[in-house]
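This report concerns only the one structure given below.
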Amino acid sequence: MKQTYHHTGMIGFGARGQQLAQMAARQMPEFCRVAAFADTDENLVFPADLYHVCHGIKRYTDYREMLKDPQIDTVIVTTYPESHAEITIAALEVGKAVLCDKPVTGTLEDAVKLYKYVKTHPCRFAIGLNLPFYPSAQKIKELLQEGCIGKLLCIRGMCDVGADFGKGVIMRKFAGQEEGLILGKLTHDTDLLQYFADSYAEEVTGHSANFLWKRHGDLAGSHDTAVISGILNNGVLFSQSLTSCGATYGRIMELWGEKGLIRADINSEVITIHRPGEKEQTLTLPPLPGSHRGGDRLMFTEFLDYVDSGEMVPLRPERILSSIMIPLAAMQQKTVYTGKWYRENMI
């Protein structure tokens, strides 16, 4: 593999875009330089040291102008999901490699459009879903592959984003979008459970509601709570819950197998293993530096290594469909046969 020093452009430069730009500049200077960003908001607030950390970064108000820069070879898209498909396709069409942040799109229609584009055009594309790169998630995957708990039978996920985060995000970012928080957060968790099981959701039954965060105290905005259950194509049962009314920020995952249980908060480095007749085992992993427990750096490193490989095929494109279909199905308040939709749109 030929290693290339990349010049990266960010499209969308709010909190997430700035976080990734500073991570790349501070932790990956041997991989790339963040050369430019594009954002329509002319009143963006930046950290005091942004221009020092990302020395020489150019600013554009129109991403199309940034895409004309021949120096920029890789693009990270961190705008709102409703614009992801349009921006990503525009960048791919001019030969840029694209890492599109989650959720990959805001609708199933856009997901199908993007999926079919990357499958039928030579391109370099990946999704910015970082939970599989967390230390605890990587260790759990390793334990499953080693047969630590035998055949996987059931997965239960519980995500609490905490009241402080929930209120700030829902009232500021997702006002008027019923699916905003459910899609924005649970696309992570439901992608992770499908990753653990090496499968995709066959049936999904969900219920979601707005209980706490309302405009004027009575007008519901984004749903702040959800409970989802279903079955994966390989027979593994699953459930996933979300609340933004709690006191913590945690992502608990419990994986039951025929020989025991693995339990972890993905936002920590501690994993417990329970097996019948044995003493509980606790694994404490070394923490990784950087944003999202080091997951962002590992995710971006994989992306740049993939770009350097020279392969003009998308990286795990099926996640375009599978990563958003569960949370969007949950918003329908009924049983949805997601597996049928998934297979109908696969190429």
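Read-outs throughout are calculated quantities, based only on the coordinates presented, and are distinct from any laboratory measurement. The model shown is predicted, which means the values in this text are computed figures rather than measured ones. Here the Cβ positions follow ideal geometry from the backbone for every residue, glycine too, while neighbour counts run over all protein chains shown.
Per-structure values
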{"read-out": "Karplus (6.51, -1.76, 1.60) ³J(HN,Hα), θ = phi - 60°, over segment 260-271, in Hz, Gly and Pro reported as x", "value": "x, 9, 10, 9, 7, 8, 4, 7, 9, 10, 10, 10"}
{"read-out": "Convex hull volume per residue in cubic angstrom - Cα atoms of segment 70-119", "value": "64"}
{"read-out": "Using alpha-carbon coordinates, inclination of helix 319-330 to the longest axis of the chain, degrees", "value": "60"}
{"read-out": "Near-label residues of segment 3-40 by backbone N, under 15 Å of a point 7 Å along Cα→Cβ of GLN71", "value": "5-10, 32-38"}
{"read-out": "Estimated distance in nm for a label pair at HIS207 and GLU93, the labels positioned 7 Å out from Cα along Cα-to-Cβ", "value": "4.5"}
{"read-out": "Amide H within-cut-off set for HIS7, under 5 Å, with H built and near neighbours excluded", "value": "ARG33, ASP73, THR74"}
{"read-out": "Loop-resident sites, segment 1-77, for trypsin sites (Lys or Arg not before Pro), counting at most 14 other Cβ within 10 Å (DSSP)", "value": "LYS2, LYS68"}
{"read-out": "Quotient of C-alpha Rg and 2.2 N^0.38 Å, computed over segment 1-126", "value": "1.03"}
{"read-out": "Length released on extending from LYS279 to ASP62, taking residue separation times 0.36 nm less the Cα-Cα span", "value": "72.2 nm"}
{"read-out": "Per-selection Rg to Rh, segment 72-220 - Cα, Kirkwood hydrodynamic radius", "value": "1.01"}
{"read-out": "Computed label-point distance, nm, for sites LYS214 and LEU153 using a 7 Å Cα→Cβ extension", "value": "4.2"}
{"read-out": "Helix-only [θ]222 nm of the chain, DSSP H runs n ≥ 4, -39500 (n - 2.57) each, per residue, nearest 500", "value": "-10000 deg cm²/dmol"}
{"read-out": "Rg followed by Dmax, in Å, when segment 258-343 is reduced to its Cα trace", "value": "18.7, 51"}
{"read-out": "Where Rh is the Kirkwood radius over Cα pairs, Rg/Rh for the chain", "value": "0.96"}
{"read-out": "Relative contact order (%) - the chain, alpha-carbon pairs under 8 angstrom, separation at least six", "value": "21"}
{"read-out": "Loop GluC sites (Glu not before Pro), segment 270-329, which have at most 13 other Cβ atoms in a 10 Å radius of their Cβ (DSSP)", "value": "GLU278, GLU280, GLU311"}
{"read-out": "Under the Karplus curve 6.51 cos²θ - 1.76 cosθ + 1.60, θ = phi - 60°, whole-Hz ³J(HN,Hα) for segment 189-206, x wherever Gly or Pro sits", "value": "5, 6, 5, 5, 5, 5, 5, 4, 8, 6, 7, 9, 6, 8, 9, 9, 10, x"}
{"read-out": "Trypsin sites (Lys or Arg not before Pro) restricted to DSSP loop in segment 94-160 with at most 16 other C-beta within 10 Å", "value": "LYS151"}
{"read-out": "DSSP bridge orientation in the chain - percent antiparallel, rounded to nearest 5", "value": "60"}
{"read-out": "Additional length obtainable on full extension of the chain from LYS116 to TYR5, 0.36 nm per residue less Cα span", "value": "37.0 nm"}
{"read-out": "Using θ = phi - 60° and Karplus 6.51 cos²θ - 1.76 cosθ + 1.60, couplings along segment 42-53 (whole Hz; Gly, Pro as x)", "value": "7, 10, 4, 9, 10, x, 4, 9, 4, 6, 6, 5"}
{"read-out": "Sorted by Cβ density within 10 Å, fewest first, the residues ASP308, ASP191, ASP49", "value": "ASP49, ASP308, ASP191"}
{"read-out": "Gain in span if fully extended, THR248 to ALA15, counting 0.36 nm per residue against the direct Cα distance", "value": "81.8 nm"}
